[in-house]
Amino acid sequence: MLPEEGCLLRIFIGENDRHDGRPLHEWLVRQAREQGLAGATVLRGIQGFGAHSRLHAAKIMRLSTDLPIIVEIVDTTEKIESFLPLVDRNVREGLATVEKVRIRLYRHGDRTDPEETP
C-alpha cells in the first residue's frame, strides 16, 4: 500500500550505458526491486539529446544504437531519497529528476471487484 502523496524518480540515460557489462537500465530496475521499491518502468525514446547535445534518433535508414532510455520509479519520498545515492554513484552520464506525485491507485490483479460482490 502506498500513501496518496509520493515521489517519482525519473532517470534519463542512454541505451548503451552499462553497469558491470549489463544494460544500466536493467541493473537499476533490479536494484529498485531488491530495495523493495513499489515498481519501475523503462521507456525507450525514439529521439533525444543530452548534455553533449548529440542527437540520438531512430530512423528508418539507420537505427541509432544509443537511443534515450527513461527509468521511472514511484514510491514514498523516504524510499526514493534512500535510493538516490545508488543512482548518483552509478549513473556516469545522464539526468535524474524527482517530483512529487499524487498516487491514485496501486494494486495488483488479485483483488475482487466490489461491484461483483453479492
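Restricting to strands (runs of 3 or more DSSP E) lying wholly in the stretch 36-118: which have 2 or more residues that are among the basic types (K, R) and either on the phi > 0 side of the Ramachandran plot or modelled with pLDDT of 75 or more (or both)?
95-102
Using beta carbons and a limit of 6 Å, which pairs, at least six apart or on different chains, have the first residue in the stretch 19-48 and free of Cβ contacts under 8 Å to residues at least 24 places away in the same chain and the second one surrounded by fewer than 17 Cβ atoms within 10 Å (Cβ to Cβ) and not acidic (D, E)?
Between residues of the stretch 19-48 that are free of Cβ contacts under 8 Å to residues at least 24 places away in the same chain and residues that are surrounded by fewer than 17 Cβ atoms within 10 Å (Cβ to Cβ) and not acidic (D, E), the close pairs are I46/A58; Q47/A57.
Just to be sure before I move on: is G14 surrounded by fewer than 18 Cβ atoms within 10 Å (Cβ to Cβ), modelled with pLDDT under 95 and within 16 Å of the chain's Cα centre (by Cα) in the structure I sent?
Taking the combined requirement at face value, the residue does not satisfy it.
The values are calculated or read from the model by the stated rules, or taken from the named source; none is laboratory data. Just so we're clear, the structure is a prediction, and the values are computed from it rather than from any experiment. Note that we place each Cβ from the backbone using ideal geometry, even for glycine, and neighbour counts take in every protein chain shown.
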